[in-house]
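Some notes on the structure that comes next.
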Amino acid sequence: MNDYLADIEEQAQKRFERIVEQMAESEGITEQLKATDQVAWVGEMNNIWSRAREVVNAELIYN
């Protein structure tokens with residue numbers, strides 16, 4: 001059981017990271033924004049992290 005849960009955890013983390021990267025790229029959230037307007041960058045990234053978490057939970061955790 002622990003091996004199964006560890007595998008799901010690893011899959012979820014990798015999927016989360018890919019989704020965050022893809023969303024940030026498609027929405028133009030760049031390191032340049034981070035350097036020039038940290039508050040805006042944090043707000044946008046929090047939004048992306050939240051949406052990515054929902055996707056991963058729906059795909060891997062709740063199914």
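Residue count for segment 28-63 satisfying the condition of being farther than 27 Å from E10 by Cα, loosely packed, with under 13 Cβ neighbours inside 10 Å and either touching a residue at least 60 places away in the same chain (Cβ under 8 Å) or charged (D, E, K, R) (or both): 1. Taking the criterion of being closer than 12 Å to R53 by Cα, in contact with a helix residue (DSSP H, G or I) (Cβ under 8 Å, 6 or more places away or on another chain) and either of a type in the set (S, T, N, Q) or open to solvent by 60 Å² or more (accessible area, probe 1.4 Å) (or both), the only residue of segment 11-27 that qualifies is R15. Every test in (1) in contact (Cβ under 8 Å) with a residue 40 or more places away in the chain; (2) among the aliphatic types (A, V, I, L, M); (3) surrounded by 13 or more Cβ atoms within 10 Å (Cβ to Cβ) is passed by I8 save one, and that test is (3).
The values are calculated or read from the model by the stated rules, or taken from the named source; none is laboratory data. Note that this is a predicted model, so its numbers are computed, not measured. Cβ atoms come from the backbone with ideal geometry, glycine included; neighbour counts cover every protein chain shown. Keep in mind that these areas ignore ligands, DNA and RNA; they rest on the heavy atoms of the full protein, side chains included. Shrake-Rupley method; radii C 1.70, N 1.55, O 1.52, S 1.80 Å.
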